[in-house]
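Take a look at the structure set out below.
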Amino acid sequence: MLSMQARYQQSDPQPTSDDIIHFSEVSWDDYERLLVMRGDHSAPRIAYLEGAVEIMSPSQTHESIKSVIGRLVETYCLERDIVFSTYGSWTLKDKARNRGAEPDECYVFGTEAAERPHLAIEVVWTRGRIDKLEIYRQLGVAEVWYWRQGLIQPYCLRGERYEPVNESQVLPGLDLALLMRFIDEPTTSQAIRGYRDALRGDERG
């Protein structure tokens, strides 16, 4: 089965890229003004790293991938009775650390309030992006999933740096290989149903 990226490239020799603009030597106050100008919307997403700004308007493909991954994470939590709250592209920022970012999707697990998401999901669809791991590292996001070229790589914050890991630490027991099998379904509803049935099958087995 062709991956989502391969299918889009096959149907369109020039698949839609994200629209990205970079600026340098931007003050924190100007970054704050950009957020105000953008308003209460999920796009464009704005990242800030020590004076460098990235403004990214996600493509349809980008939004489709991140949404399917998010819905599958939620399906897993519902099937395993894991309490979660979803916060979408929550604006995370810290003036003292000179950093700010908005994930594609993010989650808090459990019932306690949290200043930062436990899990942030990032889809890397277009090259030349700002290093958001470096932003999240200083912001204290426990785990970040990067989707690149049909694969999800989780990174776990350990001390002062992220380490690539094979399994999620915030969702122990989640089989990423199983989840990935359903990202390329033709519709989101098919992906959810297929993944749900697979999880229930594992439970029975």
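A few remarks follow.
- Between Phe23 and Glu167, the FRET efficiency from the beta-carbon distance, with R0 = 41 Å, is close to 0.65.
- To the nearest ten degrees, helix 28-38 and the longest principal axis of the Cα atoms of the chain are 60 degrees apart.
- Within the accessible area of the range 149-205 (1.4 Å probe), percent carbon and sulfur: 43 percent
- Expected 222 nm ellipticity per residue - DSSP helices of 4 or more, -39500 (n - 2.57), all of the chain, to 500: -10500 deg cm²/dmol
- Folded to 0 to 90 degrees: helix 60-79 orientation relative to the chain principal axis, Cα: 60 degrees
- Helix 188-204 and the longest principal axis of the Cα set of the chain meet at an angle near 60°.
- Among the listed values [x] 56, 45, 30; [y] 55, 51, 31; [z] 47, 42, 37, the one computed from these coordinates for Cα extents along the principal axes in Å is [x].
- Order by protection proxy (mean Cβ within 10 Å, highest first), peptides 59-70, 82-93, 25-36: 59-70, 82-93, 25-36
- When each of the peptides 115-122, 17-24, 46-53 is scored by the mean number of other C-beta atoms lying within 10 Å of its residues, the order from highest to lowest reads 115-122, 46-53, 17-24.
- For the range 77-187, the per residue solvent-accessible surface stands at 49 Å², with DNA, RNA and ligands left out and a 1.4 Å probe.
The values are calculated or read from the model by the stated rules, or taken from the named source; none is laboratory data. From a predicted model like this one, the values you see are computed outputs, not experimental measurements. We place every Cβ from the backbone using ideal geometry, glycine too, and count neighbours over all the protein chains shown. The protein model used for the area step is the full one, side chains on, heavy atoms only, and it has no ligands, DNA or RNA in it. Shrake-Rupley method; radii C 1.70, N 1.55, O 1.52, S 1.80 Å.
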